[in-house]
1. Counting only residues that are under 28 Å from A:Ile133 (Cβ atoms), give me the strands (runs of 3 or more DSSP E) lying completely in segment A:243-316 with at least 3 of them.
2. Kindly provide the set of residues from segment B:173-204 that are more than 8 Å from chain A (Cβ to nearest Cβ) and among the aliphatic types (A, V, I, L, M), ordered by number.
3. I'd like the full set of residues that are among the small types (Gly, Ala, Ser), more than 6 Å from ligand 1 (Cβ to nearest atom) and in contact with a helix residue (DSSP H, G or I) (Cβ under 7 Å, 6 or more places away or on another chain), limited to segment A:228-252.
4. Inspect all residues belonging to segment A:165-179 and state whether any of them is over 23 Å from A:Leu76 (Cβ atoms) and either in contact with a strand residue (DSSP E or B) (Cβ under 9 Å, 6 or more places away or on another chain) or of a type in the set (S, T, N, Q) (or both).
5. Please work out which residue is farthest from the other protein chains (Cβ to nearest Cβ), limiting yourself to segment B:90-139 and to residues that are polar (S, T, N, Q) and crowded, with 24+ Cβ neighbours inside 10 Å.
6. What residue, of A:Ile255, A:Ile289, A:Ile259, is more than 7 Å from ligand 1 (Cβ to nearest atom) and surrounded by 24 or more Cβ atoms within 10 Å (Cβ to Cβ)?
7. Could you figure out which of (1) at the interface with chain B (Cβ under 7 Å from one of its Cβ atoms); (2) more than 12 Å from ligand 1 (Cβ to nearest atom); (3) within 30 Å of A:Ile127 (Cα to Cα) isn't true of A:Ala304?
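Please treat every number below as a calculation from the coordinates, not as lab data. Just so it is clear, the structure is predicted and the values come from calculations on it, not from any experiment. Glycine gets a Cβ as well: all are built from the backbone with ideal geometry, and neighbour counts include every protein chain shown.
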Amino acid sequence: MTSLVIAEHDNKSLKGATGHVVSAAAAIGGDIDLLVIGADCRPVAEEAAELTGVTKVLLADAPALEHATAEDLAALVLGLAKSYSHVLAPATTFGKNFLPRVAALLDVAQISDISAVDGPDTFERPIYAGNAIAKVQSRDTIKIITVRGTAFAQAKPGDKTAPIETVSAPEANKVSHFVGAEIAQLARPELTAARIIVSGGRGMQSGDNFKLLESVADKLGAAVGASRAAVDSGFVPNDYQVGQTGKIVAPDLYIAVGISGAIQHLAGMKDSKVIVAINKDEEAPIFQIADYGLVGDLFQLVPALDAELAKKLTNR
Amino acid sequence: MKVLVAVKRVIDYNVKIRVKADKTGVETANVKMSMNPFDEIAVEEAIRLKEAGKVSEIVAISMGPAQCQETIRTALAMGADRGIHVLTDQVLEPLAVAKLLKAVVAKEAPQLVILGKQAIDDDCNQTGQMLAALLDWPQGTFASKLQLETESAKITREVDGGLETIEVKLPAVMTTDLRLNEPRYASLPNIMKAKKKAIDQTTPETLGVDIAPRLTILQVSEPQKRQGGKKLGSVEELVDKLMHEAQVI
Ligand SMILES: Cc1cc2nc3c(=O)[nH]c(=O)nc-3n(C[C@H](O)[C@H](O)[C@H](O)COP(=O)(O)OP(=O)(O)OC[C@H]3O[C@@H](n4cnc5c(N)ncnc54)[C@H](O)[C@@H]3O)c2cc1C
Ligand SMILES: Nc1ncnc2c1ncn2[C@@H]1O[C@H](COP(=O)(O)O)[C@@H](O)[C@H]1O
């Protein structure tokens, strides 16, 4: 039994999501090969080779793979998949985009967004925005899986270095190509990697008011997130969205400000260790899952919180 | 140009679902059902393309039990031209749905198939990608903007880091994200008109597609409940709790 894990990276370093997938593969058992696909990305393969649990790193490095399309990623993975029992990728927009193509071309099901491994063919996954957990067993010979990062620990570098083998990529497809990207330059930690998140909703009223949250976030070394309503209203970009159809996060501390707590939002953050809610409506559903709630006007409470943090955290 | 739009009937997004006591699934009896919200966005996008003169016909397709007709009617009332219903009472996994869609694409020959990025019941996020692979067509998933030309399409996609734009040759598959558009409500006259629009019915057998599930659902259970509800009196108290009780800052 050997698993193939497809690494997510930016051609410079591994994304944290990859480490979570390696842990899920380790829970399945057997050897773990890690596939790095990109351009000029040998440093990524070297970083991957250090991860505990990785048996071997496969490197597909070619200029055409700098912004590999789903079509090209799937073709490459398909060529390798048949020698594996399991093929895994993170349940991020990267993994979700190409892995179902691989499953379809192998004529097998994909098991999306697993949150637990109960055996080599049995997995748990949230459905209905996490309001139910399905335990599913696969009858397919190759299991194609995307992994919910928050459900698995992150594999860390160990004391062994796995060998790196190169693999060649099939010719690039002629029907799809990358045109451009607007990738946010983050001054703060990435949402899915942050230990603390401060999130704002429609109650923030404007993008400008998010400065109040940023100030708190900077004192806590936190990332800033948002509800769908805040993104749809144009307060913040789409990559801030936490929820069923946005990012799934589980930080040590999640502070929800001016967010009502719709099912779809809770789906993305209810596994956080500690949840704080600030909302003027004491009936807001967010309070039902919050460990600590503050009822009141956020435009008074957030600046007050900011000042209190400034006082307490510097005096430590 | 013809567009095919896939619309799934799901439990309405506002319903708080309940897991069945015998853990075989979730309660669907007497529960409000609606069109999957991402599929409303798909229908809306097709209608806007038609209004812009870029599309000549919109075919809405749904797969599942008899009641899927209602979902197709909703699409027709919004502005789709005709419907196709693939009737089955079997559980449909995304791979089976993709195979059924492929069989229909072979007959209908659309230049563009639009699906939702994700059905809010199974949360799979697979079907569009699988369909594209089976057809050997390019795909643009999680679309927040579409620029459709006669032979190609530029699609802006919502990705974890921000936005990405790709160009695909037609025919192609696109899946919708939340910010592609805001779906319209069907007006009463359009709901009446939709009753006269045609819905063809077919079956997986007629289409020659094996829809046998590949996964066995062993159990459906409730997630762990959180114990929340504690309210504090001041920010000072909050910061104190976070530092000394929860010890997270
Ligand atoms: C298919 C689908 C997918 C979705 N996916 C997501 C998703 O991934 N993520 C997500 O977040 N949502 C998602 N939603 C939307 C979700 O249903 C809610 O509409 C959304 O989460 C509401 O955002 P909100 O809480 O910011 O806004 P609201 O529900 O409008 O709540 C605003 C809150 O702010 C409070 N408030 C206002 N002013 C103040 C003030 N001055 N001080 C203190 N409190 C104040 C109000 O009391 C209220 O509780 C999805 C919906 C659908 C249909
Ligand atoms: N039974 C169905 N009937 C029509 N469309 C479907 C069906 N199942 C899935 N789809 C389409 O596939 C999309 C993604 O579904 P999923 O891959 O299950 O998350 C949905 O938004 C629909 O557009």
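1. In segment A:243-316, the matching strands (runs of 3 or more DSSP E) lie at A:253-257, A:274-279.
2. Step one: filter segment B:173-204 for residues more than 8 Å from chain A (Cβ to nearest Cβ), giving B:173-176, B:180-204.
Of everything in segment B:173-204, those that are more than 8 Å from chain A (Cβ to nearest Cβ) and among the aliphatic types (A, V, I, L, M) turn out to be B:Val173, B:Met174, B:Leu180, B:Ala186, B:Leu188, B:Ile191, B:Met192, B:Ala194, B:Ala198, B:Ile199.
3. Just the residues of segment A:228-252 that are among the small types (Gly, Ala, Ser), to begin with: A:229-230, A:233-234, A:243, A:246, A:250.
Cutting the leftovers down to more than 6 Å from ligand 1 (Cβ to nearest atom) gives us A:233-234, A:250.
Within segment A:228-252, A:Ser233, A:Ala250 qualify.
4. Within segment A:165-179, not a single residue is over 23 Å from A:Leu76 (Cβ atoms) and either in contact with a strand residue (DSSP E or B) (Cβ under 9 Å, 6 or more places away or on another chain) or of a type in the set (S, T, N, Q) (or both).
5. From segment B:90-139, those polar (S, T, N, Q) are B:90, B:111, B:118, B:125-127, B:129, B:139; that's our starting set.
Now restrict to residues that are crowded, with 24+ Cβ neighbours inside 10 Å: B:118, B:125-127, B:129, B:139.
Working: B:Gln118: 6, B:Asn125: 5, B:Gln126: 4, B:Thr127: 8, B:Gln129: 4, B:Gln139: 6 Å.
The qualifying residue farthest from the other protein chains (Cβ to nearest Cβ) is B:Thr127.
6. Details: A:Ile289 fails: surrounded by 24 or more Cβ atoms within 10 Å (Cβ to Cβ); A:Ile259 fails: more than 7 Å from ligand 1 (Cβ to nearest atom).
Just a single option satisfies the conditions, and that option is A:Ile255.
7. (3)
Quick grid of which residues meet (1) in contact with a Ser or Thr (Cβ under 6 Å, 6 or more places away or on another chain); (2) more than 7 Å from chain B (Cβ to nearest Cβ); (3) not β-branched (Val, Ile, Thr):
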{"site": "A:Tyr84", "(1), (2), (3)": "yes, yes, yes"}
{"site": "A:Ala91", "(1), (2), (3)": "yes, yes, yes"}
{"site": "A:Val102", "(1), (2), (3)": "no, yes, no"}
{"site": "A:Asp107", "(1), (2), (3)": "no, yes, yes"}
{"site": "A:Asp113", "(1), (2), (3)": "yes, no, yes"}
{"site": "A:Asp118", "(1), (2), (3)": "no, yes, yes"}
{"site": "A:Asp121", "(1), (2), (3)": "yes, yes, yes"}
